[in-house]
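Here is the structure we will look at.
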Amino acid sequence: MSPAPAALAGYALAAEGTVTTETTQQAIGYPSLFALVLLGSLVPVVPTGALVSSAAVVAVHHSDPVLTSLLVWLVAAGAAFLGDAALYGLGARGSRWLGRISDQVAPATLAAAQRRLDERGTTVLLVSRLVPAGRLPVLLACLLAGLPARRYLRGNLVATVAWAGVYGLLGVVGGALFPHPWQGVLAAVALTLLIAAVPRLGRRLRRRGAPERP
């Protein structure tokens, strides 16, 4: 089992236990959440939104749901911010990470991100974090535009806090709707994957509907 699904399963199982199990889950769960969100920021293959939502589901079933939910939000936001900062720093130094980022962004998508950056400035970072697959194009556009790291980090701090809050809220709702944590985790994962799939489906439909050039 890969690290991300294993972590999701661990959150659900830990929430089913007693107070002692809750303490164990806190000792293992928060560092795991931090590490996986950080990894997902650097290597965008880990479903970080699903991880945050799943952790928030478990927090609802905790003996102190308010504090636990707040900690999930802070841990996720902090890890995402540090991951983005590290990726931006690596790209600004011209490391091979910049090439890897460029390989994952289509030229048309990058051009659109550059236009939005010119028009809206760093406020586009907020939207890029909330829109699936929107983070890397905007990050690359900021790098190519020579945006100072301090300015990027200020805008990205707001973006990562909002991102963690949105996905955490999805988990809180899922946890409140289902009596067992594992049910809420499955619902949260399904919803976050659906959200991620919608833009891709839209692009495919647009390509199919576009008239062929002679």
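Counting only Cα atoms, region 25-68 measures 34, 18, 12 Å along its principal axes, largest extent leading. Based on the convex hull around the alpha carbon atoms, region 115-204 presents an average projected area of 6.7 nm². Each of Ala162 and Thr123 was given a label point 7 Å from its Cα along the Cα-to-Cβ line. The distance between the two points is 0.9 nm. Here the accessible area of region 91-159 is 55 percent carbon and sulfur, with a 1.4 angstrom probe and all protein chains present.
Measuring between their Cα centroids, region 138-156 and region 96-129 lie 10 Å from each other. Solvent-accessible surface of protein heavy atoms, probed at 1.4 angstrom with all chains present, puts Ile195, Ile101 in the order Ile195, Ile101, largest first. With a Förster radius of 41 Å applied to the C-beta separation of Leu177 and Arg93, the computed FRET efficiency comes to 0.35. Computed with a 1.4 Å probe over protein heavy atoms only, the accessible surface of region 65-116 comes to 53 Å² per residue.
The values are calculated or read from the model by the stated rules, or taken from the named source; none is laboratory data. Values in this document were obtained by computation on a predicted structure and should not be read as measured data. Neighbour counts are summed over all protein chains in view; Cβ atoms, including those assigned to glycine, are modelled from backbone coordinates with ideal geometry. Just so you know, the surface numbers come from the protein's heavy atoms only, side chains and all, with ligands and any DNA or RNA stripped out. Shrake-Rupley method; radii C 1.70, N 1.55, O 1.52, S 1.80 Å.
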